[in-house]
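Quick notes on the structure that follows.
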Amino acid sequence: MEKMIYETNSPEETRKLGQKIGAAAAPGDVYTLVGDLGVGKTVFTQGIAEGLEITEPICSPTFTIVQVYEEGRMPFYHFDVYRIGDIEEMDEIGYEDYFYGEGLCMIEWANLIEEILPEKRFDVTIEKDLEKGFDYRKITIKEHKAQV
Ligand code: ADP
Ligand code: MG
């Protein structure tokens, strides 16, 4: 897979797409997630968690940078780096243990920490297109490869 484009027309569809990704995930997978407020990032992330067989609700980790869920078939590391002031804060929380760990890693606002993102990852973008309806979402998943 280089680049896949999905279109959804309801939160349920977006959640199901997340579920499929969570169900197919392998330990060490890294996803970034980008999209405007209210576009469906949390809906999508909740789906991923369900695909990992996590039953507890996903909350925004805004105040903790990373939220760890251990109850699924592999750990789920949910980052929201929106409030990061300095990249050194990532060192302080030991981000490498998560980015190169044994779980699925999902990073919201990943563009703010571009310089430390793993080369091997999937970049997810969720966009609205109001001409196609209020509930329409375009979800692009692009494989990012290491530069050789
Ligand atoms: P974010 O985390 O990106 O700020 P949320 O996931 O919290 O956004 O909220 C997305 C909102 O959009 C929810 O109220 C959801 O019901 C609504 N919504 C409508 N259509 C869709 C869709 N196709 N996919 C995802 N969410 C949708
Ligand atoms: Mg959210």
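The values are calculated or read from the model by the stated rules, or taken from the named source; none is laboratory data. Everything quoted here is computed from the prediction, not taken from an experiment. Methodologically, a virtual Cβ is constructed for each residue, glycine included, from the backbone with ideal geometry; neighbour enumeration extends over all protein chains shown. Heavy atoms of the whole protein, side chains included, go into the accessibility calculation; ligands, DNA and RNA do not. Shrake-Rupley method; radii C 1.70, N 1.55, O 1.52, S 1.80 Å.
When the residues of region 34-47 are narrowed to those that are in contact (Cβ under 8 Å) with a residue 40 or more places away in the chain and closer than 13 Å to I21 by Cα, which ends up nearest to ligand 2 (Cβ to nearest atom)? If we take residues in region 34-47 being in contact (Cβ under 8 Å) with a residue 40 or more places away in the chain and closer than 13 Å to I21 by Cα, then T45 is nearest to ligand 2 (Cβ to nearest atom).
Please enumerate the residues belonging to region 7-16 that are under 16 Å from T125 (Cα atoms), open to solvent by 20 Å² or more (accessible area, probe 1.4 Å) and not charged (D, E, K, R). Of everything in region 7-16, those that are under 16 Å from T125 (Cα atoms), open to solvent by 20 Å² or more (accessible area, probe 1.4 Å) and not charged (D, E, K, R) turn out to be N9, P11. Screening E50, E56, E115 for residues that are more than 14 Å from ligand 2 (Cβ to nearest atom), without any contact (Cβ under 8 Å) to a residue 24 or more places away in the chain and open to solvent by 40 Å² or more (accessible area, probe 1.4 Å) leaves exactly one candidate, E56. Against the numbered list (1) surrounded by fewer than 18 Cβ atoms within 10 Å (Cβ to Cβ); (2) more than 16 Å from ligand 2 (Cβ to nearest atom), G22 comes up short only at (1). Note on region 89-148: residues that are within 17 Å of D36 (Cα to Cα) and among the aromatic types (F, W, Y) amount to 3. If you go through region 84-102 one residue at a time, do you hit one that is touching a residue at least 40 places away in the same chain (Cβ under 8 Å), more than 16 Å from ligand 2 (Cβ to nearest atom) and open to solvent by 20 Å² or more (accessible area, probe 1.4 Å)? Checking region 84-102: at least one residue is touching a residue at least 40 places away in the same chain (Cβ under 8 Å), more than 16 Å from ligand 2 (Cβ to nearest atom) and open to solvent by 20 Å² or more (accessible area, probe 1.4 Å). Restricting attention to region 118-148, the residues being open to solvent by less than 50 Å² (accessible area, probe 1.4 Å) and more than 24 Å from N9 (Cα to Cα) number 3.
Evaluation of I139 against the conditions (1) out of contact with any Lys or Arg (no Cβ under 9 Å at 6 or more places or on another chain); (2) within 25 Å of F63 (Cβ to Cβ); (3) part of a strand (DSSP E or B) shows that the sole unmet condition is (2). The set of residues in region 64-80 being away from ligand 2 (no atom under 13 Å from the Cβ) and hydrophobic (A, V, I, L, M, F, W, C) consists of I65, V66, V68, M74, F76. Kindly evaluate V39 against the criterion of being in contact with a helix residue (DSSP H, G or I) (Cβ under 9 Å, 6 or more places away or on another chain) and open to solvent by less than 60 Å² (accessible area, probe 1.4 Å). Here the answer is no, as V39 does not meet what is asked.
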